[in-house]
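The values are calculated or read from the model by the stated rules, or taken from the named source; none is laboratory data. In this text the structure is predicted, and so the values were computed from the model without any measurement. Here the Cβ is made from the backbone with ideal geometry for all residues, glycine too, and neighbour counts use every protein chain on show.
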Amino acid sequence: MTEGQNRDAWERARTVAAIAIQPHVKKKITPKQLLPLPWDKKKPNHRSEAPQLTAEEKRKRFEKVAHRLGDEINL
């Protein structure tokens with residue numbers, strides 16, 4: 001079972017559990033409230049965590065990598 005399939009199975013399970021429990025509680029309960037899962041806390045866009053580089057910093061990084069690759073190719 002892949003990670004995506006596993007995650008999908010857990011999402012379905014908690015949705016069914018929330019539907020089954022709902023008639024027995026006074027307040028509305030969501031699947032996430034009933035069964036929080038580890039990926040609920042993750043941010044959907046992981047790129048925002050990466051440092052923002054200026055154009056000059058990006059150029060310097062590129063040149064450094066290109067130089068390193070050039071040295072490896074010439075070996």
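Okay, here's what the table says:
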read-out	value
Residues of segment 18-44 satisfying the condition of being surrounded by 11 or more Cβ atoms within 10 Å (Cβ to Cβ) and either part of a loop (DSSP other than H, G, I, E, B) or among the polar types (S, T, N, Q) (or both)	22, 29, 30, 33, 35, 36, 37
Residue match in segment 51-62 (condition: of a type in the set (Asp, Glu), loosely packed, with under 10 Cβ neighbours inside 10 Å and at pLDDT below 90)	no
